[in-house]
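A.B. asks: To start, I am sharing the structure in question, which I have written as structure tokens.
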Amino acid sequence: MPTLVVKNRQGTEMRVDAQSGISIMENIRDLDASVDAICGGLCSCATCHVFIAPDWRERLPSRSAEETMLLENSGSFDPEGSRLSCQILVTEALDGLSLEVAPSDF
Ligand code: FES
């Protein structure tokens, strides 16, 4: 079972035993002060925005054009580290992945 290291919107870091085969968003949305994920993973709301730690960015699948377009509308968009957590499936290879929940745009 892969472990994700998640810093929530209050700055609290948590280690999360994640389920493979579902998205990062689905694994972290029930944590305190975590992503809102209003659209439920349909890549249409950007409320699942997270920042991926630098040493993990290259190990993830690339952003789609649709994902990038949504993220660019966020006030806290980071061209290097921003991802929609609903667009990344958790696998064993992501064991130890470190990320931070982005501030809310609302
Ligand atoms: S949950 Fe809406 S874009 Fe990810």
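The values are calculated or read from the model by the stated rules, or taken from the named source; none is laboratory data. Treat the numbers as computed from the prediction; the structure is a model and nothing was measured. We place every Cβ from the backbone using ideal geometry, glycine too, and count neighbours over all the protein chains shown. Surface accessibility is based on the protein's heavy atoms, side chains included, excluding ligands, DNA and RNA. Shrake-Rupley method; radii C 1.70, N 1.55, O 1.52, S 1.80 Å.
A.B. asks: I need every pair where a residue in the stretch 86-106 that is at pLDDT 95 or above has its Cβ under 8 Å from the Cβ of a residue that is open to solvent by 70 Å² or more (accessible area, probe 1.4 Å) and of a type in the set (A, V, I, L, M, F, W, C), sequence separation at least 6 or different chains.
C.D. replies: Cys86/Leu42
A.B. asks: Still on this structure, please answer the following. How about the stretch 8-25: which of its residues are β-branched (Val, Ile, Thr) and either open to solvent by less than 10 Å² (accessible area, probe 1.4 Å) or closer than 21 Å to Leu60 by Cα (or both)?
C.D. replies: Val16, Ile22, Ile24
A.B. asks: Out of Leu99, Leu42, report the one residue that is assigned to a loop (DSSP other than H, G, I, E, B) and of a type in the set (A, V, I, L, M, F, W, C).
C.D. replies: Leu42
A.B. asks: Say whether the condition of being within 12 Å of the ligand (Cβ to nearest atom), open to solvent by 10 Å² or more (accessible area, probe 1.4 Å) and of a type outside the set (Asp, Glu) is met by at least one residue in the stretch 86-99.
C.D. replies: Yes, some residue in the stretch 86-99 is within 12 Å of the ligand (Cβ to nearest atom), open to solvent by 10 Å² or more (accessible area, probe 1.4 Å) and of a type outside the set (Asp, Glu).
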